[in-house]
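*Asks:* Below is the structure I would like to discuss, written out as structure tokens.
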Amino acid sequence: MRKCGKCGGRLRRVHRTFRQRFSYMAIYQCRECKNREFVPRRFQLHFGAACRCPRCGTFRVVRLKERDRIDPLHTGFLHYLEKLAGGKLHHCRWCRLQFYDRRRLASEVAAAALVDKPAATPSPDAAKPDG
Ligand SMILES: [Zn+2]
Ligand SMILES: [Zn+2]
């Protein structure tokens, strides 16, 4: 039986919309506090611009400088590839899970999106030949 991450209450499965079916294996709702828990399909966690926890799918993960000796490290073929691809060590504090991911943190992606502006069109003066 799955339990609510907020209050520990009992979760019941709720119906997914067509789009949600593509992205989530299941969606649960707490009987007590109505908190919704989304269970993303595994492959979804390896796509997208930002790094997220392979277990619960949260974007609120932190980057670790070195491996924590206490918390477990997520293993598996995809994560082995992430490490080979230059992935950095991350940590999900909800799951207490360490994993490798080569993507940026969601906060960094958001910051980059603010900075990234459409390329400026070259001014007509720049195209004129000298002389
Ligand atoms: Zn709850
Ligand atoms: Zn997690």
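Quick note: the coordinates plus some simple rules give every number you see, no bench work behind them. Owing to the predicted nature of the structure, the values given are computational and were not obtained by experimental measurement. Here Cβ is always computed from backbone atoms with ideal geometry, including for glycine, and neighbour counts include all displayed protein chains.
*Asks:* Output wanted: per-residue J couplings in Hz (rounded whole) for region 55-71, from phi through Karplus 6.51 cos²θ - 1.76 cosθ + 1.60, θ = phi - 60°, x for Gly and Pro.
*Replies:* Coupling constants for region 55-71: 9, 9, x, 6, 8, 8, 10, 10, 8, 9, 7, 9, 5, 7, 7, 8, 6 Hz.
*Asks:* Once phi is turned into θ = phi - 60°, what whole-Hz ³J(HN,Hα) does the Karplus curve with 6.51, -1.76 and 1.60 give for every residue of region 4-18, x standing for Gly and Pro?
*Replies:* 5, x, 8, 10, x, x, 7, 9, 10, 6, 10, 5, 9, 6, 4
*Asks:* Ordered by residue, what ³J(HN,Hα) values in Hz, to whole numbers, does region 88-101 give under the Karplus form 6.51 cos²θ - 1.76 cosθ + 1.60, where θ = phi - 60° and Gly and Pro are x?
*Replies:* So the Karplus estimates, Gly and Pro as x, are 9, 7, 10, 9, 9, 7, 6, 8, 6, 10, 9, 7, 9, 8 Hz.
*Asks:* First measure r as the distance between the Cβ atoms of R55 and R13, then evaluate 1/(1 + (r/R0)^6) with R0 = 25 Å and state the FRET efficiency to the nearest 0.05. The partial results should precede the final answer.
*Replies:* Numbers: r = 19 Å, r/R0 = 0.75.
So, using R0 = 25 Å, E works out to roughly 0.85.
*Asks:* Determine by what factor the alpha-carbon radius of gyration of the chain differs from 2.2 N^0.38 Å, reporting the quotient. Don't jump to the answer; show the numbers that get you there.
*Replies:* On the way: Rg = 20.6 Å, N = 131, 2.2 N^0.38 = 14.0 Å.
That ratio works out to 1.47.
*Asks:* Still on this structure: Cβ under 13 Å from S107's Cβ, S107 left aside: what net charge do those residues give with Lys, Arg +1 and Asp, Glu -1?
*Replies:* Net charge around S107: +4.
*Asks:* By how many nm would the segment from K3 to R63 lengthen if fully extended, with 0.36 nm per residue of separation less the alpha-carbon distance? Don't skip to the answer; put the middle values down first.
*Replies:* Details: separation 60, 0.36 × 60 = 21.60 nm, distance 2.74 nm.
Computed gain between K3 and R63 is 18.9 nm.
*Asks:* Also, I was wondering about something else. Number of Lys-Lys pairs in the chain under 18 Å by Cα, sequence gap 8 or more or different chains? Please list the in-between numbers first.
*Replies:* Working: K3/K34; K6/K34; K65/K83; K65/K88.
Eligible lysine pairs with Cα atoms under 18 Å apart amount to 4.
*Asks:* Suppose every Lys and Arg Cβ carries +1 and every Asp and Glu Cβ carries -1, with no other charges. What dipole size does the chain come out with about its Cα centre, to the nearest 20 debye? Please report the intermediate quantities before stating the final value.
*Replies:* On the way: 30 positive and 11 negative charges, 229 e Å.
The calculation lands at about 1100 debye.
*Asks:* Please give, to one decimal in nm, the separation of the simple spin-label points placed at E32 and A85, each 7 Å out from Cα toward the Cβ.
*Replies:* 3.9 nm
*Asks:* Can you tell me the orientation of helix 106-115 relative to the chain, as the angle in degrees between its alpha-carbon axis and the longest Cα principal axis, to the nearest 10?
*Replies:* Between the helix axis and the principal axis of the chain, the angle is about 20 degrees.
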